[in-house]
Amino acid sequence: MRYLAKRWSAHTEDGALIKACIRQDRVAQECFYQKYFPDAYRTCNRYLSQHADVMSVVNTGFLKVFQHLDQYDGSLGTPGAWIHRIMVHASIDHIRRDSRRPAEAPLGEGEESRMVVENQASGQMDAEALLRVVKQLPATTRAVFNMSVMEGYSHAEIAGALGVTESTSRWHLAEAKQRLRRMLGNKAKLVSA
């Protein structure tokens with residue numbers, strides 16, 4: 001690890017790090033992974049509810065990153081933006097693959113919705129608490145919500161990515177908003193009680 005700190009660091013220029021990764025320099029690859037892992041994890045965590053699934057998708061995504069790093073074009077954006085897009089697509093692929101599983105249990109008034117807290121000083125919801133609430137949505141509904149609200153995809157793009165119709169995409173977004181309103185309404189009652 002000491003060698004890693006001397007030769008490569010999070011402050012190393014991306015171009016030099018990418019060239020070393022393409023040459024299969026394992027130490028550079030480890031540094032690259034550590035540099036971009038937190039953002040990749042956050043991206044996948046918005047789409048998937050289980051930590052094991054998030055880690056699996058992040059690692060699959062990084063495998064794709066390293067396999068195609070020679071195709072990265074720096075003129076089209078930063079490595080972080082490129083990796084973000086790969087992680088979004090890896091998450092969507094995972095959701096699509098898992099859509100054959102039995103449906104998740106419907107949302108109830110369980111412990112998770114009671115975990116939502118309100119920042120008393122600003123009146124805004126804590127980001128971690130909001131993420132916990134969003135993670136309670138069924139997988140496809142959560143994916144549509146994230147793609148539409150967080151990533152800015154159109155319903156046509158979402159439909160194409162998830163293999164559903166545009167009207168199904170719109171339904172999932174409306175369903176997500178309705179469930180979130182209901183769950184956040186529960187929070188308001190808890191805070192005022």
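General observations
- Once the Cβ-Cβ distance of residue 157 and residue 81 is raised to the sixth power relative to R0 = 22 Å, the FRET efficiency obtained is 0.85.
- Part-to-part distance (alpha-carbon centres) for the stretch 36-99 and the stretch 136-161, which is given in Å: 16
- Sites residue 27 and residue 71, calculated FRET efficiency, Cβ-Cβ separation with R0 30 Å, nearest 0.05: 0.85
- Backbone N atoms of the stretch 19-37 closer than 14 Å to the 7 Å Cα→Cβ label point of residue 64 are not found in any residue.
- Amide N of the stretch 32-71 lying under 16 Å from the label point, which is placed 7 angstrom from the Cα of residue 98 along Cα→Cβ: 41-61
- Along the stretch 157-162 the Karplus relation, 6.51 cos²θ - 1.76 cosθ + 1.60 evaluated at θ = phi - 60°, assigns HN-Hα couplings of 5, 5, 4, x, 5, 8 Hz to successive residues, with x for each Gly and Pro.
- For the peptides 70-82, 162-174, 37-49, residues were scored by their other Cβ atoms within 10 Å and the scores averaged per peptide; the highest-first order is 37-49, 162-174, 70-82.
- Residues in the stretch 19-33 carry Karplus couplings, in order, of 4, 5, 5, 5, 6, 6, 6, 5, 5, 5, 4, 5, 5, 4, 4 Hz; the curve used is 6.51 cos²θ - 1.76 cosθ + 1.60 with θ = phi - 60°, and Gly or Pro positions show x.
- Segment residue 50-residue 34, length gained on full extension (0.36 nm per residue, minus Cα span): 3.6 nm
- Across the stretch 17-96 the C-alpha pair distances fall into 10 Å bins from zero in the proportions 19, 53, 25, 3 percent.
We did not get these values from a lab; they are worked out from the coordinates using the rules stated. Predicted model, so just to flag it, every value in this text is computed and none were measured. No Cβ is skipped: glycine too gets one built from the backbone with ideal geometry, and neighbour counts run over all protein chains shown.
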